[in-house]
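> Just passing along the structure, written as structure tokens.
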Amino acid sequence: MQTNIKKLCVLAMMSALAFILAAYVRVPIVSTGPLVLRYDPKDIIIIIAGFLYGPMAAFLITIVVSLVQMITVSTTGFVGLFMNIVASTAFCCTAAFIYKMDRTMRGALIGLIVGTIFATAVMMAWNYILTPIFLNMPRERVVPLLLPVFLPFNLINNSLNAALTMLFYKHVQTMLRATQLLPREESPVKGKFNIGIIVASFFVVLTCVLWWLLLQGII
């Protein structure tokens, strides 16, 4: 019981910190006409939570932060909410799931690399689908931006968050253990199937279907 309360406290603090980063630390990387793409560091906190407690924790923080962000500081409405959930889930849950299977430096590195690649592919598909709706412009004007704009932006955003996660994760883990908020034996239970894995798997399938429809010229 005490361990669960400590876990809830840590997740609540991480949710608050992730929201603060999402709301106040947004650095413009691309600005082309009505399109402004900003670096968002909240995934650093979400991944660290996922490394500590598993993909389910990363998914829950993603939902909470995205909802609070939508009703407070965001101007993108439900489209922005959906894109935030998809981007963070694809990146953070994927990395956390791989690290859960191999809780070593190698596992963390592989998880972050795979998460970066997968999240970039996912967002390329959804940028094609939703950006024309969000910007209220023809899809033909968005397509030329996919490779020179959206691809490098997503790679930069995810790669930077992956690098900073590797830099800060062990320090955060050590600090939480020093304050006894994280027991030394704390780790996700291997082999446990949870909603975080289900959601990540859903986005894998959904992205594959989207890319197939794109290649067939259906959408």
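Values in this text are rule-based calculations from the coordinates and carry no lab data. If you're wondering where the values come from, they're calculated on a predicted model, not measured in any experiment. Note: ideal-geometry Cβ built from the backbone for every residue, glycine included; neighbour counts use all protein chains shown.
> Report the normalised scattering of the range 1-143 as log10 I(q)/I(0) at q = 0.12, 0.16 Å⁻¹, calculated by the Debye formula with identical scatterers on the alpha carbons.
-0.51, -0.87
> Sort 6, 42 so that the residue with the fewest other Cβ atoms within 10 Å of its own Cβ comes first and the one with the most comes last. Mind dumping the intermediate values first?
Values: 6 17, 42 27.
Ordered by Cβ neighbours within 10 Å, fewest first: 6, 42.
> Where does each of 99, 39, 128, 53 land when they are ranked from fewest to most other beta-carbon atoms within 10 angstrom? Numbers along the way, then the final one.
Numbers: 99 27, 39 15, 128 19, 53 23.
The most exposed by this proxy come first: 39, 128, 53, 99.
> Most exposed first by the Cβ proxy, i.e. fewest other Cβ within 10 Å, how do 13, 56 rank? Can you show the working numbers first?
On the way: 13 14, 56 22.
With the sparsest Cβ surroundings first, the list reads 13, 56.
> Taking θ = phi - 60°, what integer Hz values does the Karplus form 6.51 cos²θ - 1.76 cosθ + 1.60 yield along the range 127-136, in sequence order, with x for Gly and Pro?
Per-residue couplings from phi come out as 4, 5, 7, 9, 4, x, 5, 5, 8, 6 Hz.
> Counting every Cα pair in the range 88-164, what percent are over 17 Å apart? Before the final figure, lay out the partial values.
Details: 1407 of 2926 pairs.
The share of Cα pairs beyond 17 Å in the range 88-164 comes to 48 percent.
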